[in-house]
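Data first, discussion second: the structure below is written as structure tokens.
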Amino acid sequence: MILIHVPEITSRVEYTMNYIFGEILKIKIQLTDQESIFSDWNGARFSYGAAPVSNEPFFQSHHLLFENSVSSQHIEFISWEGFNVFFPVKNGLLPFDIFAATFYLISRYEEYLPHQRDKHNRYSHQESVCYKGKFLEYPIVNIWVSALKKILENHYPNLLIPRPAFTFTPTIDIDNAFAYQHKGLLRNSAQLSRHLLSLNFRRFRKRFKVMLRLEQDPFDSYEKQSMIHEKYHTEPNYFVLLGDLSKYDRNLSHTNSGYRKIIQDLSTQAKVGIHPSYSSNQSFEQLALEKNRLEEITNTPVIASRQHYLKIKLPETYRNLIRLGIKEDYSMGYAATGGYRAGTSTPFYFFDLEKNQKTDLKVIPFAFMDTGMKVYMKKKSKEVIPYVKQLTHPLRETGGHLTYIFHNESIGGKGMWKNWNNTYEDIIRTLLTDNK
């Protein structure tokens, strides 16, 4: 155990220390603001504050963890160990406040401040300190914590801090379960007419063959997914869209028998969470309705979610999930690029900055997404594995849990996903092989 002296045990101090030492390093700590208790301690210890207590290992603090409000913070970058860091300090074992900087990133402090949002009302990665500091593609918090671990082990050779393991979880969003199948005669007939009017004979033939069961639906990759997961003993998480039909919510109805069977089959193989619709982001009642639909289909309580289009507005989105009993959210990442939105690959609990308190909602960040790489970053399939290796290389040394997103369409490898046919499996094989 490590004893940590702080001038005041605030909710932010407690949250940050428990994340770094409890969630990442898996070692027990105790906080104290009593100098007498700290001075009498014979084991591993350090102090965090404006000045050391005596001659113990000391980390100088920025003021952030001792505040209660949300206000604009001055971000000044300095260079350290090949990276830009922020919240510099003049004294202590590190030239920056690792604890305040970690809190700033994982609390998503910057997302509460005035900022530009994209056309889908999402926080843009160009606004972030990670992007501006040129470390968005690095799990910077994990890297910092690894350095902190070495500092403490150098001071206390008998201190046993386990090396965090590298693990990963593939996740799959079902935005559109089928391209043509199960969409009904009226909907398919309307689309066939559009194909003819636009002289798109290729799509006409494709849809017509699928309707006649002469060809497999291009989005129907479920058997392939199952074979891959069984082959590599990998269990994914699924997120299914059950919103009402709208401009950005294009899935089948929750009453569609073909869609219900797919969801029920997936729920016997893996964890299935709700993919709250684009429309539900503005309506708690719609969000609750969609969660209830999934629970009715699977006959299982729903505790996990990922926002469709990754629409997060803090703190409202997460408060609504908590109100519904959701325990895990997988939306923390960017649609338009890869990297670590919260600076970390290790899950953390949502800290509600306006209430200045930790919640029970666990946030599982993701590092990359198929559509992000192909549509926004314009990567070809052959460029995916080198990019994944680049993103995950630091985690081989620091440890951490990698999460990423694919869709049933891309795994199918048809249409716009031509040449991506093996990419999903290649990533799993690479992550498993490189980890040995």
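The values are calculated or read from the model by the stated rules, or taken from the named source; none is laboratory data. Keep in mind it's a predicted model, so treat the numbers as computed, not measured. Here the Cβ is made from the backbone with ideal geometry for all residues, glycine too, and neighbour counts use every protein chain on show.
Just a few scattered comments:
- Every residue from segment 341-393 that is of a type in the set (S, T, N, Q) and buried (at least 22 other Cβ atoms within 10 Å of the Cβ): Thr344, Ser345, Thr346, Thr392
- Thr234 being assigned by TED's automatic domain parsing to the domain that holds Ile411, assigned to a loop (DSSP other than H, G, I, E, B) and under 15 Å from Pro170 (Cα atoms): yes
- Residue match in segment 78-95 (condition: assigned to a helix (DSSP H, G or I), of a type outside the set (D, E, K, R), in contact with a strand residue (DSSP E or B) (Cβ under 8 Å, 6 or more places away or on another chain) and closer than 30 Å to Leu160 by Cβ): no
- Every residue from segment 54-90 that is under 27 Å from Leu159 (Cβ atoms), exposed (fewer than 12 other Cβ atoms within 10 Å of the Cβ) and touching a residue at least 40 places away in the same chain (Cβ under 8 Å): Glu81
- Some residue of segment 280-291 being buried (at least 18 other Cβ atoms within 10 Å of the Cβ), in contact (Cβ under 8 Å) with a residue 40 or more places away in the chain and of a type in the set (A, V, I, L, M): no
- Of the helices (runs of 4 or more DSSP H) lying entirely inside segment 96-208, the ones with 1 or more residues being at pLDDT 95 or above are found at 98-106, 129-132, 140-155.
- Among the candidates Tyr104, Tyr138, Tyr112, residue that is among the hydroxyl-bearing types (Ser, Thr, Tyr) and surrounded by fewer than 16 Cβ atoms within 10 Å (Cβ to Cβ): Tyr112
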